[in-house]
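Reviewing the structure listed below.
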Amino acid sequence: MSSTLDSGGSRSAWWRELDKGQVIKWTVYVLLLVNWGYYFVEELYISSHTLPQGGSFLEWTREFVTTIDEFAWFGLLFMFELETYALGDKALEKPGVRWTIHGFRLVCYVFIAHTIFAQATNVNEFLKVVQTPEVTGLCQVANDGISFGESYRYTIIDQVNCSEVSSDTRFYYLEPSVITDQDGYDLERKLVWIDLVEACVWLLVLFALELAVWLQNRNITGGRLMLVSHTGKLLYGVLWAAAVYWALEGHWVYAWDESLWILGFWAIENNLSEWRDEIRGEEAPA
């Protein structure tokens, strides 16, 4: 009986001592890695419809923009994790460590800049899309290797499904091998703009984090610049709205992924908050 109680007490003590915040944080990180694998498979599928005959290097990078983007975001997330939580002050005072962290973050920003460029290119190319008057029914392009695309979903058009996929008479070529109807065109217009705005908002969130880290590395925990860095938290509201939109459009994985990334960077915000408390505690008079 005594050993049983000791064992139960030991388990209870272990649970009390466990840093549940860290468990949640690393669970989010692992789930984000799982999502990254999902996006790679999905973009591989999409590229089989949008680039069936192959394409240039830049065209391929545009098709795998989310895979590349998430790789860069993982790099940033873990570099922020190192600087705001995992590494102590002595380690960060070493020039080699600090320059490695900042240098790797710079490389990640280059990849993210590619994402912004790719999204802006998508918007620009979409604005050039016009109605294809010669196509008034999908059966006209059946068995031509053309896919019907709507909301990032694709169906190869053949004689069996051509009359079922869409009954519209207005069609648009989004890509040389991808066609959509009026509803798909209107939805695509929303999606390309949301992708671009979302990418820009995330970049502003990063700038706010970088400013906060820069200030706290100098033991600054208040003032106008710190207030500016705090305004970045308001941008999370825009990102939550994007997650809701993806859910309403039936893209549950996108909504889930958006939510995980918000939680992941909220963990960094929490690291910064704990770091500020430590700085203030050290500066407080004894």
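What number of residues in segment 63-102 are assigned to a helix (DSSP H, G or I) and over 26 Å from Ala120 (Cα atoms)?
The qualifying residues number 21.
For Ala242, all conditions in the list (1) closer than 22 Å to Trp261 by Cα; (2) in contact (Cβ under 8 Å) with a residue 60 or more places away in the chain hold save one; what is the number of the exception?
All conditions are met except number (2).
Enumerate the strands (runs of 3 or more DSSP E) found wholly within segment 151-204, keeping only those where 1 or more residues are among the aromatic types (Phe, Trp, Tyr) and touching a residue at least 40 places away in the same chain (Cβ under 8 Å).
Hits in segment 151-204: 153-156, 171-175.
For segment 225-234, indicate whether the set of residues that are surrounded by 17 or more Cβ atoms within 10 Å (Cβ to Cβ) and either under 30 Å from Gln140 (Cβ atoms) or within 17 Å of the chain's Cα centre (by Cα) (or both) is non-empty.
Yes: one or more hits.
Do the conditions hold for Glu258, that is, is it within 30 Å of Asp144 (Cβ to Cβ) and buried (at least 18 other Cβ atoms within 10 Å of the Cβ)?
no
Here is a check on your reading of the model: is Trp246 closer than 25 Å to Glu83 by Cα, buried (at least 18 other Cβ atoms within 10 Å of the Cβ) and hydrophobic (A, V, I, L, M, F, W, C)?
So Trp246 fails the test.
Please tell me if Ile220 is out of contact with any strand residue (DSSP E or B) (no Cβ under 6 Å at 6 or more places or on another chain), part of a helix (DSSP H, G or I) and not charged (D, E, K, R).
Answer is no for this residue.
Regarding segment 110-129, can at least one residue be identified that is outside any helix (DSSP H, G or I) and in contact (Cβ under 8 Å) with a residue 24 or more places away in the chain?
yes
Kindly indicate the residue of segment 22-62 that is part of a helix (DSSP H, G or I) and of a type in the set (Gly, Ala, Ser) and also surrounded by the most Cβ atoms within 10 Å (Cβ to Cβ) among those meeting that condition.
Going through the qualifying residues, I end up with Ser47.
FYI, it's all coordinate maths here, none of it is from the lab. Remember, predicted model here, so these are calculated numbers, not experimental data. Glycine gets a Cβ as well: all are built from the backbone with ideal geometry, and neighbour counts include every protein chain shown.
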